[in-house]
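Asker: Okay, handing you the structure first.
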Amino acid sequence: MVSLVFLLAVGVCYYFIWSGARSASEATSVDVVTSFEPVDVSGVKSQAEKLIQSRVNNAGIPIPEPTGKLGKTDPFSNPQ
């Protein structure tokens, strides 16, 4: 019996909150103004190439593949 009364109270509270939010949303209005200007990207490629040419790769990246065999043949024999 108590659970039905609680369910009814929750339903009534939900209805009041929902109706209050609905009436508040009807009172507010939003004006959407689209005033976008196209962006000129014609000089971006040349500017990027100019910036990249002034840099030097001191890290050796990408790392080259190893040419010889690395490490021990059997790491479990004679551990250090």
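The values are calculated or read from the model by the stated rules, or taken from the named source; none is laboratory data. Keep in mind that this is a model prediction, so the values were computed, not measured. So basically every Cβ, Gly included, is an ideal-geometry build from the backbone, and we count neighbours across all protein chains shown. With ligands, DNA and RNA removed, areas are computed over all heavy atoms of the protein, side chains included. Shrake-Rupley method; radii C 1.70, N 1.55, O 1.52, S 1.80 Å.
Asker: Taking θ = phi - 60°, what integer Hz values does the Karplus form 6.51 cos²θ - 1.76 cosθ + 1.60 yield along segment 60-68, in sequence order, with x for Gly and Pro?
Answerer: Whole-Hz 3J(HN,Hα) from phi for segment 60-68: x, 9, x, 6, x, 6, x, 9, x.
Asker: Set the Förster radius R0 to 30 Å, insert the Cβ-Cβ distance between L8 and D31 as r into 1/(1 + (r/R0)^6), and round the FRET efficiency to 0.05.
Answerer: 0.15
Asker: Ordering D31, D74 by how much accessible area each has at a 1.4 Å probe, largest first, what is the list?
Answerer: D31, D74
Asker: According to a simple spin-label model (label point 7 Å from Cα along Cα-to-Cβ), what is the distance in nm between L70 and V39?
Answerer: Going by the 7 Å Cα→Cβ label model, 4.0 nm.
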